[in-house]
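Student: If you scroll down you'll find the structure; I have some questions about it.
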Amino acid sequence: MNSIAAASANAHSIIVDAMARLVADGTFPAEPLPAFIVEIPADRSHGDFAANVAMVCAKPLHMAPRKIAEAIANAMVLEGSMFSRVEIAGPGFLNFFLSPVWYDTVIRGVMEEGTEYGKSSVGDGKRVLVEFVSANPTGPMHVGNARGGAIGDCLASVLNAAGYKADREFYINDAGNQIEKFATSLEVRYLQACGQDIAMPEDAYQGADIIAHANNFYAAHGDAYAGDDSKARRDALVAFALPKNIQGLKDDLLQYRIEYDRWFAESTLHADGSVAGIIQQLKDSGYTYEKEGALWFKAEELGADKDFVIVRSNGIPTYVVPDIAYHYNKLVTRGYDRAIDILGADHHGYVPRLKAALTALGVDASRLTVVLMQMVAVMRDGKPVKQSKRSGKALTLVTLLEDIPVDAARFFFNLREANSHFEFDLDLAVEKSSSNPVYYVQYAHARLCSLIRNLADEGVAVPDADAADLSLLQSAPERELIRQLAMLPVEIESAAKQLDSSKLTKYAVELASMFHKFYDACKVKDAESPALRSARLLLCAATRQVLCNVLTMLKVTAPEKM
């Protein structure tokens, strides 16, 4: 149920019907009605909805907007509608004020739909693949991956709530240069464990995890691989360490409450011939040429900033070719209607090149959307943080979760749009005060649970929606809270359309704020009458349900006690 959309459509219909009457009685000439907007005004004192129909009709009707607005207002029939009155403001805006019946409908709708409230069918079941994190499996995930994980996971939830069929996917980069570097790093550390005096290359992976893998491999096999040829040794080391790293990524992300529908390995694209097939398809498209022994793609002709190499002069494909094959697999082989990638802002030049290649392959590149994510600055005591206070280790996803709760991490990383720089305040994330947004929202939910539980202990249960007299809820704090409840379906659809899950955290904070204001201004337990108490208690139950729905979508705990 989307009460906001229903009211907007009702206002639009009332205006159209009034215009038809005015044309029929000769007040207005029979001119086509221009498109007009019905929207929620920034200042609610100007009404719950405002329409600009009088302004857009001024030219075709050859009349002053205010005169048009007066005629439309006089011709309107509000009886049986969702509105109690209409006023004219400024040059001719029509301001609509919602009727008490509409407010009743919102609360009853929340209670009737329960956990399903807020969801819609706007996505029409279209299949969407959301790829996010996709960190190299050669080491631990950094804090940027933590932000991408929270954004991608919540965005998939938002899309599903909006009626899409969204799947989550992790792309495992288990081929290419990073795996070669991984193998080199492991090989050197293993040979060192075997007692050989060999230096570690400066550009190799220097982390303690590489040493641990090499030592564990040595403990299992001794120096059995020390005399082997390098390729056999490297293959064995990678086969030993890589699955452990991938399992570590899975375990860490599961701790972060992220479960993927599929882990897709890049190596499969090489093994099944997809990479070679894409190169041939690009050749056949006519958008390639040879230069200095390398094969180039004519990306500039298809909107990218410059052409780029797809096969080096040594015959080895560049890193972008498996990526092209992967996205072709998403949109063509597996037939997703849309692919959404959450990538770091440093990929801004990569995106048009990838889209140019898809276009050359006959794929509608608009089906791929890339959400570019800015960097995160982790702060403590107002200063940037490089390592975990508790463990003393470099700050990764795992060490971050040693310092702060998962709830705080997921909520904080969704507080801002992905394309905005974000300072993550570790001190604020663990603070138990209204300054901490996740604590503020969770406290609102716990406060509602406590209120409902305490009244139940006194024999006062939440009434059935049909049994309460909701027309008694007439004060400003009550009406504002109900309007905010009605906004959830709108916010979900907007978040899905704009691919911005931060709309849900902002909504939750605003809803918590409106509840606290309501609770401070309107007595529930000691209301002026049992009827008013019942109505307010039902409003509290609806608010608790909506807060729970939002927190569940964000995969943040909705505590009953704090």
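Student: Condition first: farther than 17 Å from LYS555 by Cα and at pLDDT 95 or above. Can you find one or more residues in region 435-443 that meet it?
Tutor: yes
Student: Based on what the data block shows, is ALA409 over 30 Å from ALA446 (Cα atoms) and modelled with pLDDT of 95 or more?
Tutor: The answer is no for ALA409.
Student: Which of the residues spanning region 331-370 are among the basic types (Lys, Arg) and surrounded by fewer than 19 Cβ atoms within 10 Å (Cβ to Cβ)?
Tutor: Passing the criteria: ARG334, ARG367.
Student: From ALA377, ALA467, ALA456, which residue is surrounded by fewer than 17 Cβ atoms within 10 Å (Cβ to Cβ), free of Cβ contacts under 8 Å to residues at least 12 places away in the same chain and out of contact with any Gly (no Cβ under 6 Å at 6 or more places or on another chain)?
Tutor: Checking each option against the conditions leaves just ALA456.
Student: Name every residue in region 453-477 that is within 34 Å of the chain's Cα centre (by Cα) and assigned to a helix (DSSP H, G or I), in order of residue number.
Tutor: Once the filter is applied, which keeps residues that are within 34 Å of the chain's Cα centre (by Cα) and assigned to a helix (DSSP H, G or I), region 453-477 yields ARG453, ALA476, PRO477.
Student: Does region 27-59 hold any residues that are in contact (Cβ under 8 Å) with a residue 24 or more places away in the chain, open to solvent by 40 Å² or more (accessible area, probe 1.4 Å) and more than 38 Å from the chain's Cα centre (by Cα), and which are they?
Tutor: If the condition is that a residue be in contact (Cβ under 8 Å) with a residue 24 or more places away in the chain, open to solvent by 40 Å² or more (accessible area, probe 1.4 Å) and more than 38 Å from the chain's Cα centre (by Cα), then THR27, PRO29, GLU31, PRO32 are the ones that fit.
Student: Mind checking which pairs have a first residue in region 155-174 that is farther than 18 Å from ASP124 by Cβ and touching a residue at least 40 places away in the same chain (Cβ under 8 Å) and a second that is open to solvent by less than 20 Å² (accessible area, probe 1.4 Å) and among the charged types (D, E, K, R), Cβ under 7 Å, 6 or more apart or different chains?
Tutor: From residues that are farther than 18 Å from ASP124 by Cβ and touching a residue at least 40 places away in the same chain (Cβ under 8 Å), the pairs are ARG168/ASP153; GLU169/GLU131; TYR171/GLU131; TYR171/GLU266; ILE172/GLU266; ASN173/GLU266; ASP174/GLU266.
Student: Could you say whether any residue in region 252-269 is under 25 Å from the mean Cα position of the chain (by Cα), among the small types (Gly, Ala, Ser) and under 22 Å from LEU400 (Cβ atoms)?
Tutor: Checked region 252-269: no residue is under 25 Å from the mean Cα position of the chain (by Cα), among the small types (Gly, Ala, Ser) and under 22 Å from LEU400 (Cβ atoms).
Student: Within region 71-125, work out how many residues are assigned to a loop (DSSP other than H, G, I, E, B), charged (D, E, K, R) and loosely packed, with under 14 Cβ neighbours inside 10 Å.
Tutor: Qualifying residue count, region 71-125: 2.
Student: Another question, then. Working only within region 285-317, note down all residues that are more than 22 Å from GLY176 (Cβ to Cβ) and not in a loop (DSSP other than H, G, I, E, B).
Tutor: Matches in region 285-317: SER285, TYR289, GLU290, LYS291, GLU300, GLU301, LEU302.
Student: Here is a further query. So, in region 380-391, how many residues would count as being open to solvent by 40 Å² or more (accessible area, probe 1.4 Å) and small (Gly, Ala, Ser)?
Tutor: Total meeting the criteria: 2.
Student: For region 451-461, does any single residue satisfy the condition of being closer than 26 Å to GLY149 by Cα and not polar (S, T, N, Q)?
Tutor: no
The values are calculated or read from the model by the stated rules, or taken from the named source; none is laboratory data. For clarity, every value in this text was computed on a predicted model and none was experimentally measured. Please note: Cβ atoms are built from the backbone with ideal geometry, for glycine as well, and neighbour counts cover all protein chains shown. Note: areas computed on protein heavy atoms with side chains; ligands, DNA, RNA excluded. Shrake-Rupley method; radii C 1.70, N 1.55, O 1.52, S 1.80 Å.
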